[in-house]
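Encoded as structure tokens, the structure appears first; notes follow it.
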Amino acid sequence: MKFVAIAALSLVALSGSAAFGADAKAGQAAYDKSCKGCHGATGSPNPAVAKMLSATIPELSSPAVQSQSDADLKKTITEGKGKMKPIKSLTGSPDDVVAFLHTLKK
Ligand code: HEC
């Protein structure tokens, strides 16, 4: 319970700083909620989901993904791509999620 309160407080603090540009930390929180189930905590695909969707889910840390423009990555999130549907339930800004995606680069 205490942890939840601290997490909620830090989210408020983070959303304040997001006004100054994309916030990878806030992006990670949104990613953990909306993307992790399929893309794993570090961008390595969940094989069970790939199998279920009969899709090849790319490694998000890979050059194939990291070389894409922020606009293209954002479009994948908001409009979907191939077998990935648009992520309508995203909490927070897709710009922050894109900033987080770049932190996965190896
Ligand atoms: C239900 C599972 C699912 C969820 C949830 C999901 N994805 Fe995906 N994602 C996929 C699949 C499947 C692909 C492969 C699409 C294809 O190539 O057909 C993919 C591909 C991608 C790609 C690579 C696109 C490319 O150019 O090849 C990116 C980037 C991506 N997802 C980001 C995200 C982000 C960020 C989120 C959360 C906001 C997210 N995904 C949520 C299933 C998911």
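Key figures for this structure:
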quantity: The stretch 34-61 - residue that is in contact (Cβ under 8 Å) with a residue 40 or more places away in the chain and part of a loop (DSSP other than H, G, I, E, B) and, of those, surrounded by the fewest Cβ atoms within 10 Å (Cβ to Cβ); calculated: Thr42
quantity: Test: residue in the stretch 85-93 that is part of a helix (DSSP H, G or I) and without any contact (Cβ under 8 Å) to a residue 12 or more places away in the chain; calculated: no
quantity: Top-ranked residue of the stretch 7-33 - restricted to ones that are open to solvent by 70 Å² or more (accessible area, probe 1.4 Å) and modelled with pLDDT of 95 or more, ranked as farthest from the ligand (Cβ to nearest atom); calculated: Lys25
quantity: Odd one out for Asp70, checked against (1) open to solvent by 80 Å² or more (accessible area, probe 1.4 Å); (2) more than 14 Å from the chain's Cα centre (by Cα); calculated: (2)
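The values are calculated or read from the model by the stated rules, or taken from the named source; none is laboratory data. Since we're looking at a predicted model, the values are computed, not measured. Neighbour counts run over all protein chains shown; Cβ positions are idealised from the backbone, glycine included. Protein only, heavy atoms only, side chains kept; ligands, DNA and RNA dropped before computing areas. Shrake-Rupley method; radii C 1.70, N 1.55, O 1.52, S 1.80 Å.
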